[in-house]
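The values are calculated or read from the model by the stated rules, or taken from the named source; none is laboratory data. Keep in mind the model is a prediction, meaning the values are calculated, not measured. Counting neighbours? That spans all protein chains shown, and the Cβs are built from the backbone with ideal geometry, glycine included. To get the accessible areas, we keep the full protein, side chains included, count just its heavy atoms, and leave off ligands, DNA and RNA. Shrake-Rupley method; radii C 1.70, N 1.55, O 1.52, S 1.80 Å.
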Amino acid sequence: MSNRPDPAIVLPSEDPADRAQRLLRACVHCGFCNATCPTYILTGDEREGPRGRLYLMKDLLAGTADDAPLEPLSHCLSCRSCETTCPAGVRYSEILDVVRERTQSARSRAQRALDRMVAIALRARGLLVVIARGARSLRRFAPKTFKQRVLPCTEGLAWPAARHGRRIGLLIGCVQPALRPDLDVKAAIVLDHLGVSALAVGPSCCGALPYHLHAHDEGRSAARATLALAAAGDWEGLTSTASGCTAFLKDYERLFQDTEVAAGARALAATVSDIAAWIDVSHLAKLPRSQRRLIAWHAPCSLQHALKGAGRVEQILLALGHTLVTITDDALCCGSAGPYSLRHPRLAAALGRRKWRALTGAHPDMVVTANIGCQQHLARHGDRPVHHWLDLVYDALTNRDTTDPG
Ligand code: SF4
Ligand code: SF4
């Protein structure tokens with residue numbers, strides 16, 4: 001029997017760096033993870049894969065690589081595909097978070113300035129709302145390639161009154177309500193049809209965006225505000241229509257593990273699940289199948305790798321009578337990864353092109369996903385529409401057709 005402690009155990013008052021070093025010892029350097037790492041596949045460079053990054057992080061934590069270039073860590077998408085692949089259960093993202101926070105100040109001045117600018121732009125929610133609204137108003141007159149880049153929005157929807165005994169909290173985040181102001185309402189209407197009342201939580205940033213821009217304190221303080229807001233709610237569970245936000249809410253347990261709000265964060269995180277878990281598939285299967293589409297389903301990394309929620313949305317789409325095309329490289333990130341596409345546009349665009357080719361090779365009617373970042377990032381390709389799966393469930397339950405035929 002091995003004397004090695006279970007890496008998943010959080011030791012009381014353990015320094016984060018000590019914990020990261022302990023987690024690192026689980027790695028047996030087999031390199032299996034490289035095969036599903038988007039940046040390794042793109043570059044073929046060992047330093048740009050998880051195994052190389054783990055070596056680098058080990059040296060950084062040991063203080064033997066103080067002058068090493070940090071680009072490989074910056075290029076990592078935090079997609080966690082390597083965690084899904086790793087046979088040894090290495091908790092890569094936990095190690096990365098610790099090392100990124102410790103090396104914050106060692107980043108280049110240009111990178112820090114860029115992160116600052118992106119954070120300010122994303123925080124200017126009012127401005128984002130105005131720009132997105134303006135783009136939508138021009139959408140109708142625009143050529144098709146531009147049109148598809150501006151996400152369509154169904155106007156005139158009203159949030160249903162809370163009339164059911166079963167209730168869930170639905171986080172209204174920051175970027176999504178600007179780009180798709182109809183989606184949370186559609187989700188509430190869908191759940192209402194299925195006997196669950198959704199209560200709006202927010203608008204409140206879950207903290208993921210600043211956290212992934214290396215503004216760890218800012219991310220934690222946004223998360224703390226959302227935690228306080230959500231902890232006061234009276235419902236069975238908390239969810240969101242953006243799988244990226246849901247995954248970060250689930251991570252509150254880890255984010256606050258050594259703080260005075262640890263118990264509250266743990267209790268809240270235990271109620272968090274992807275919104276697809278609230279959809280009664282058997283009910284959908286009984287609906288008339290008026291629209292049958294050929295769909296390319298893109299599972300966001302936050303859904304398949306962080307929330308381990310692969311398969312559920314596919315069941316929902318099949319229950320609605322749609323056909324799913326087979327996707328090669330379905331575990332790979334599309335390059336959106338929260339603010340990544342703004343921080344590393346060249347890498348993000350290359351990954352996006354690769355993913356688009358994989359998604360559209362079989363000429364589907366549309367691409368469907370579960371996260372606003374992926375939806376917007378993929379829509380830039382412009383030759384066919386990209387929707388959220390909830391758009392299709394909403395259409396089926398209300399007998400409408402709000403999806404854009406392209
Ligand atoms: S992280 Fe896992 S898959 Fe990758 S080298 Fe280490 S043990 Fe192997
Ligand atoms: S998180 Fe994604 S990009 Fe980063 S090392 Fe793992 S697989 Fe590669």
Say we look at the stretch 187-209 and pick out the residues that are in a helix (DSSP H, G or I) and at pLDDT 95 or above; which of these is most open to solvent (accessible area, probe 1.4 Å)? HIS193
Which of the residues spanning the stretch 49-68 are open to solvent by less than 20 Å² (accessible area, probe 1.4 Å) and at pLDDT 95 or above? GLY49, PRO50, GLY52, ARG53, LEU54, MET57
Single condition SER282 does not satisfy, out of (1) among the hydroxyl-bearing types (Ser, Thr, Tyr); (2) touching a Gly at 6+ places or on another chain (Cβ under 9 Å); (3) part of a helix (DSSP H, G or I): (2)
Assess whether ALA135 counts as being more than 26 Å from HIS387 (Cβ to Cβ), open to solvent by less than 70 Å² (accessible area, probe 1.4 Å) and in a helix (DSSP H, G or I). no
For HIS212, indicate whether it is over 20 Å from GLY126 (Cβ atoms), at pLDDT below 95 and open to solvent by 40 Å² or more (accessible area, probe 1.4 Å). yes
Just one of LEU317, LEU303, LEU287 is in contact (Cβ under 8 Å) with a residue 24 or more places away in the chain and surrounded by fewer than 17 Cβ atoms within 10 Å (Cβ to Cβ); which is it? LEU287
Of all residues making up the stretch 71-93, the number that are modelled with pLDDT under 95 and away from ligand 2 (no atom under 11 Å from the Cβ): 1
For ALA35, are the conditions met, namely being at pLDDT below 95 and within 16 Å of ligand 1 (Cβ to nearest atom)? no
With the structure loaded, tell me whether GLY44 is more than 6 Å from ligand 2 (Cβ to nearest atom) and at positive phi or whether it fails that test. yes
Just need a number here: residues in the stretch 151-174 that are β-branched (Val, Ile, Thr) and either under 21 Å from HIS377 (Cβ atoms) or in a loop (DSSP other than H, G, I, E, B) (or both). 2
Would you call VAL98 in contact with an Asp or Glu (Cβ under 9 Å, 6 or more places away or on another chain), of a type outside the set (Phe, Trp, Tyr) and either within 16 Å of ligand 1 (Cβ to nearest atom) or part of a loop (DSSP other than H, G, I, E, B) (or both)? no
Single residue of VAL118, VAL130, VAL99 found to be open to solvent by 70 Å² or more (accessible area, probe 1.4 Å) and of a type in the set (A, V, I, L, M, F, W, C): VAL130
Members of the stretch 41-52 found to be more than 9 Å from ligand 1 (Cβ to nearest atom) and in a helix (DSSP H, G or I), listed by number: ILE41, LEU42, THR43, GLU46, ARG47, GLU48, GLY52
For THR145, work out the one condition from (1) over 22 Å from the mean Cα position of the chain (by Cα); (2) surrounded by 13 or more Cβ atoms within 10 Å (Cβ to Cβ) it doesn't fulfil. (2)
Kindly list, by first and then second residue, each pair from a residue in the stretch 82-96 that is farther than 17 Å from LEU255 by Cβ to a residue that is crowded, with 21+ Cβ neighbours inside 10 Å and among the polar types (S, T, N, Q), limited to pairs with Cβ atoms under 6 Å and residues at least 6 apart or on different chains. THR85/THR36
Give the residues of the stretch 334-359 that are part of a loop (DSSP other than H, G, I, E, B) and open to solvent by less than 10 Å² (accessible area, probe 1.4 Å), sorted by residue number. CYS334, GLY335, SER336, PRO339
Checked against (1) at pLDDT below 95; (2) closer than 23 Å to THR402 by Cα; (3) in contact with a Cys (Cβ under 9 Å, 6 or more places away or on another chain), PRO177 satisfies every condition except (3)
Tell me, please, whether a residue that is farther than 18 Å from MET117 by Cβ and assigned to a loop (DSSP other than H, G, I, E, B) can be found in the stretch 210-224. no
